[in-house]
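What follows is calculated from the coordinates using simple rules that are stated; it is not laboratory data. A quick note: this is a predicted structure, and the numbers were derived from the prediction, not measured. Cβ coordinates were reconstructed from backbone atoms using ideal geometry, including for glycine residues, and neighbour counts include every protein chain displayed.
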């Protein structure tokens, strides 16, 4: 029996939750402009410095610090598209970013995997990326795919092998978070062109995109930026992710950390719009906290406020936002902590209406893959998706005639209305699966069974053989040049 | 030696969200009014039926069915106060319901306890209520206390023993969910009067309130309604909860379930306002969805989250505070499910402006007490409380001068601003806790340690000695009249 691929089920929020007031949005934006103008951002890239200098930024070439006159920032960002398309291998899975719809992806890029067969913890490998792409291809919650772990069995070309493993196992859009440097980026564009069929088609429906991390405080990464510029030239969407840590790489106050992270992202956005006006870019920030006792990186303290404030800031600048949810600090799968950290966070994130959100499925602060966790996180995702569905109120659903027929003290079980609606009334969570004794099963056990079921029974649409061969050829060339 | 009770930390949202559109709210409440007018509610109490009849409802005494015309519902319910105070033994812990804050209580009323010492599952007792009242007294997340389990060692008068155990072990407001019947209710009111001190204080700052359950579909419980009337007469707040179950005691559609439950609650609220206009009442809608294979009531199905926020908005439509159904996981032990179940509904309900909410601390659909569950649930509570506080963007918080001083590629650790402000950041005291061996502690084990610490170290101010003697005297009389342990 052929198992059909489920259609995507993104989260539609009928509500608009405004976390920041207009005045606060302006305050934060002014703070960003002031930081860019008076403090500046370090760009350790000759190429980037030349572009910025050529367009009127104040460049200190020795220190590689760029200060941005506010007019330059405001003028350059006018060319940014507010929405764009993230293409897929199959056109039906293209994501047309728009207001009120949020598409989710997996987390990335972990470095260890708890092996599904042995239960042992080991370094991650390309086969893990392939396996999780296979699972993500099946899940309706997963609109696009971040290679979840690093293909560490391929050394320096790991990012390209992650792309290969992904395209061979899912027809959905791929977003890399690991491609760095001009040369790997050119290979990635070549691979994307093979999948798309032509450079023009790649530009029209880019089947992959890139997230580039900034370095807090107020610095860019040479390879990240130069890889990104190669992508932007080809029309591939590029996002910039700031990850300031309150108390170490950022001020210990939320507003200060937000303004500083925003300045990092906006400085990159300006560069890209100056280099390739109109290129699709997106904004992202995932701040964290330093544990004052241990210095450890904590992504979910009790006061996790403002984790999604930057989504509003991004929209205020006129660009789409990549929100960050899940990615628990818990070290084990299926724990109280792994659920508590994700559940409230997700609801508030989607109420602010980001266009795209990462990252389902990793533990230990984005570093450890338990393959079954994606199924548990998927359950939390669908809880929130349903919580935001508007209530359907009409004559049929109000059921006054049925209530009249049953009357006080009766029961609805034998009613035709009940038989008609009960099959769709209970949307069963992973927590309400029964065993042979009609007892609820352990959700973690159900998650493992479901994962295995997907891997054994569902077969993603394979990539055409000719394209597989082309990808192999490109990978072989990259391995030769880079390794 | 006694300990001070920490100040309450209610959830004060900086934001408001409307779940239902105006048109949807009208559709639902019109449905409720039509049910009350055209179908009616079953009420097996002569006393209650007479009150309905005297105030213009159509009463079929033989079938014990009451139908209430929409105009009467609207007029009568308009006498209910929108806001009021739920008093506490300590005035500093009074709960002022004014639409700005959400106060949560423990869950109730469970029937089994994971023993505090042996960790063996057993029937719940009065001592469990006492111990948990002390734990709750310590927790700023808990605004008021539902006796969390049943005092089953006092079978006939358990509800009164639960109230005594509660009054003796927490200075916070007590809300009973088990007092039923006129006689028991009169004893409960007498106990509240002892705590309040006098009649004026009892009415102005009632230390006790009552939650009565309706019977789905569309029926009232004789004992519950008669006890509610006793409470209302004394000026103690009373609320009504519907626990309609989609597919078995309600239609298998969400909207149909909501209007069935709402009609039950409104019919009871109308009765109280007919009998004692102006009495403090509250509305509570806590539907479940039937498991199609077992018939079980599931409070935490995927679609269920919406019910509780809608219940809050319906209460506000009728002009009364809500008691929102929160927490109450279906999980059988603390873990992934017990955390995943409540989190989003708490956030959504807080954003609708709910005034009160149950119920932290029980598992297995409000039946089983794990002592540490209230600590774990409190962590979720505080996450939501802080989340909805909003962001401060004043110059000290924006810290532009600090960012300038540190500059690109610098470090904030040694800056005075960091030293001053990192202490103000709030971290969970359950997660990311280093162990002596260099690992990270298990949040559930840490919660167990915390609950044990509270029980060993927190001894709230008890009622005055004369009040304790009076409570014991009332209980003795109740035990003698109603039965129970002599």
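Dimensions of chain B based on its C-alpha atoms, expressed as ranges along the principal axes with the largest first, amount to 82, 57, 50 Å.
Under the Kirkwood approximation applied to all pairs of distinct alpha-carbon atoms, what is the hydrodynamic radius of region A:315-363 in Å?
Values: mean 1/r = 0.0861 Å⁻¹.
Hydrodynamic radius (Kirkwood, Cα only) of region A:315-363 equals 11.6 Å.
Under 17 Å from a label point set 7 Å out along the Cα-to-Cβ vector of residue B:477, the amide N atoms of region B:124-158 belong to B:157. Approximating the spin labels as points 7 Å out from Cα along Cα→Cβ, the residue B:413-to-residue A:122 distance works out to 3.6 nm.
Roughly how tilted is helix B:158-169, in degrees to the nearest 10 and between 0 and 90, from the longest Cα axis of chain B? Tilt relative to chain B: about 40 degrees.
Residues of region B:440-456 with amide nitrogen under 18 Å from the 7 Å Cα-to-Cβ point of residue B:1? The answer is B:453-456.
Shape call for region B:68-145 from the C-alpha gyration tensor, a ≥ b ≥ c root eigenvalues: rounded (a/c under 1.5), prolate (a/b greater than b/c) or oblate? Walk me through the numbers before you get to the answer.
Values: a/c = 3.76, a/b = 1.85, b/c = 2.03.
Here region B:68-145 falls in the oblate category.
Between residue B:23 and residue A:464, what's the calculated FRET efficiency when r is the beta-carbon distance and R0 is 51 Å? Round to 0.05.
Numbers: r = 51 Å, r/R0 = 1.00.
That pair, residue B:23 with residue A:464, gives E of 0.50.
Helical content alone sets the calculated 222 nm signal of the protein assembly as shown at -13000 deg cm²/dmol, taking -39,500 (n - 2.57) per DSSP H segment of four or more residues and averaging over every residue.
Relative to the dominant Cα principal axis of chain A, helix A:222-233 is inclined by about 80°. Between helix B:443-457 and chain B there is an angle of about 70 degrees, using the helix long axis and the longest principal axis of the Cα atoms.
Could you work out the relative contact order of chain A? I mean the mean sequence separation of Cα pairs under 8 Å and 6+ apart, divided by the number of residues, in percent. Across chain A, relative contact order equals 19 percent. With only Cα atoms counted, region B:231-346 has Rg and Dmax values of 15.2, 47 Å. Note on region A:106-146: semi-axes of the ellipsoid equivalent to its C-alpha gyration tensor, largest first and rounded to whole Å, are 20, 11, 8. Overall shape of region A:117-184 was characterised from the C-alpha gyration tensor. The equivalent ellipsoid obtained from it has semi-axes of 19, 17, 8 Å, in decreasing order.
Looking at the protein assembly as shown only, what percent of DSSP beta bridges run antiparallel? Nearest 5 please. Don't skip to the end; give the middle numbers.
Values: 36 of 98 bridges.
In the protein assembly as shown, DSSP labels about 35 percent of beta bridges as antiparallel.
Shape of region B:294-394 from the C-alpha gyration tensor: oblate (a/c of 1.5 or more and a/b not above b/c, with a ≥ b ≥ c the square roots of its eigenvalues).
Geometric descriptor of region A:334-439, per residue, is 175 Å³ (volume of the convex hull of the Cα atoms). The calculated FRET efficiency for residue A:55 paired with residue A:445, based on their beta-carbon distance and R0 = 45 Å, is about 0.20. Treating each Cα of region B:132-257 as one equal point scatterer and applying the Debye formula with no solvent, the log10 of I(q)/I(0) at q = 0.10 Å⁻¹ comes out as -0.35. Classification of region B:438-486 by its C-alpha gyration tensor yields an oblate form. The axis ratio a/c (a ≥ b ≥ c) is 1.5 or more, and b/c is at least a/b. Extent along the principal axes, Cα only, for region A:200-357: 49, 30, 28 Å, with the longest axis given first. From the Kirkwood radius over Cα pairs of region A:126-285, Stokes-Einstein at 20 °C and 1.002 mPa s returns a whole-number translational diffusion coefficient of 132 µm²/s.
Both the radius of gyration and Dmax for the protein assembly as shown are 29.9, 96 Å, in that order, over alpha-carbon atoms. The stretch between residue A:75 and residue A:21, if pulled fully straight at 0.36 nm per residue, gains 17.0 nm over its current Cα-Cα span. Annotation: extensible slack from residue B:30 through residue B:294 equals 91.8 nm (criterion: 0.36 nm per residue apart, minus Cα-Cα distance).
What is the Rg over Rh value, at two decimals, for region A:26-90, using alpha-carbon atoms and the Kirkwood definition of Rh?
Values: Rg = 14.8 Å, Rh = 13.4 Å.
Value, to two decimals: 1.10.
Here the alpha carbons of chain A define both size measures, Rg and Dmax, at 23.5, 84 Å.
Taking R0 as 30 Å, what FRET efficiency do you get between residue A:394 and residue B:63 from their Cβ-Cβ distance, rounded to the nearest 0.05?
Calculated value: 0.45.
The length gained by stretching the chain between residue B:74 and residue B:465 to full extension, at 0.36 nm per residue less their Cα-Cα distance, is 136.1 nm.
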